[in-house]
Amino acid sequence: MLFVTSCNFGRLDVGPVKVDKTEVALDQAESVNIAVNLGTGDLAIGSGADKLMEAVFTYNVPDWKPEVNYGVDNGLGQLTIRQPEQKTGIPLNLDKASYSWDLSLNEGIPIDMNITMGAGDGDLELEDLSLEHLSFTGGLGDVNIALGGSTVQLVDIRLGAGDIFLDLEGNWRRSVTGYLKGGIGRATVNLPGQVGVKVVTRNSLGSIQAPGFHQNGFTYINDAFEEADVTITLDIEGGIGDIILKQSP
C-alpha cells in the first residue's frame, strides 16, 4: 500500500538486470552531508571505500536508474542518491522487479546522513564511519542498523511497519542521544553494559523486556549509568510491537 500510494499510476517496463558501479571522489571536502532517498527496494550501507563513495546499483526497471549528485562548497560536500521521483510508477511485472543499492563510504570523513526509504529492507553497518548525525525514516520493511562504538552523537529513527534491530553495543568514546519511533513491528536494541544507559519508553502497545535494567515507571537504567562519563540516552516511542532491550556483560 505504501508503495502504490507513493507512486504515479504509470506503467513501467521490467527488463534484464543491470548492474551499475559508481564512484564519487571526495574532491577537497572536509565534511559531507549525505541524503539517500529510496522509494522501493533494498538498501545496504557500509564502510571501506577509498573514495567518498563506491556504489553498486542493481535494477531491472530502466526508468529507476539511480540519480547521484555531488558538489562541494566551502569544504562541505553534499551527496544525494535517489530513485528518480518523476519516473516512479508500477512495473508491469511488479513481482519480477529487482532493485537494490549497495553503498560503501569512506571512514575518515565526518558525515551527517539522512536516509528515507519507502518499501524495502535496510542493512546499515555504520559503526566504522565518522558519523556525526543519523536520521532514518522507513516505510515498510525490516531494518538492521549497527552503530556500536561509533562517533555518532545524535540518532533519529522513525519507522512505519517492520522489525528493527539497533546494535549499539561497543566501546563508546562520547555520549550519544537517540530517538526511536516504531510503528508496527518489534524493536530490538543491543546495548553495552560498560557504558551508562538510560531508556525512556512511551506509548508502547506491546511488551517491554529489559532484563538487567532498573525500572522506574517507563524509564530503564543500567548499573553503570549514575557514575558513567559516557552515556547512551534513548527515547523509544513504541507502536504495535514489543520492545526488547538486550545488555552485554
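Odds and ends about this structure:
- On inspection, Asp156 qualifies as surrounded by fewer than 22 Cβ atoms within 10 Å (Cβ to Cβ) and in the same structural domain as Gly196 (by TED's automatic domain parsing).
- The strands (runs of 3 or more DSSP E) located wholly in region 37-137 that include 1 or more residues which are free of Cβ contacts under 8 Å to residues at least 60 places away in the same chain and more than 20 Å from the chain's Cα centre (by Cα) occupy 53-59, 67-73, 76-82.
- For region 148-159, filtering for residues that are more than 13 Å from the chain's Cα centre (by Cα) and farther than 15 Å from Ser130 by Cα leaves 0.
The values are calculated or read from the model by the stated rules, or taken from the named source; none is laboratory data. This is a predicted model, so every value here is computed, not measured. Note that we place each Cβ from the backbone using ideal geometry, even for glycine, and neighbour counts take in every protein chain shown.
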